[in-house]
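What follows is a set of notes on a single structure, which appears directly below.
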Amino acid sequence: MELMANAMAPEAVSRTADRVALEARRGGEDELRLEGFMNNKPLIFKGRYDPDGAQTWLEGVERIFGAMRCQDEHK
């Protein structure tokens with residue numbers, strides 16, 4: 001049993017390292033998406049009662065997402 005566990009240990013370490021590297025790349029991609037979004041200078045929603053302003057803000061943000069070809073899960 002111990003021999004089997006020792007044989008499997010390097011593979012488990014390799015999978016863990018691959019998972020950590022993948023998560024690091026995803027984090028970098030998220031930062032690039034945010035930077036790209038902010039470079040489009042989105043309107044700032046001030047949070048006050050302004051239904052027309054809120055609609056304008058939402059349309060502007062959706063327009064940026066469309067230009068960036070942003071997937072729903074990244075919005």
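Read-outs: derived from the displayed coordinates by stated rules, not from any lab. These figures come from a predicted structure and were not determined experimentally. For neighbour counting, all protein chains shown are included, and Cβ atoms are generated from backbone atoms with ideal geometry for every residue, glycine included.
Taking R0 as 30 Å, what's the FRET efficiency between Thr56 and Arg33 from their Cβ-Cβ distance, rounded to 0.05? Efficiency, from the Cβ-Cβ distance: 0.85. The stretch between Phe45 and Arg69 holds 6.4 nm of extra length on full extension. This uses 0.36 nm per residue minus the Cα-Cα distance.
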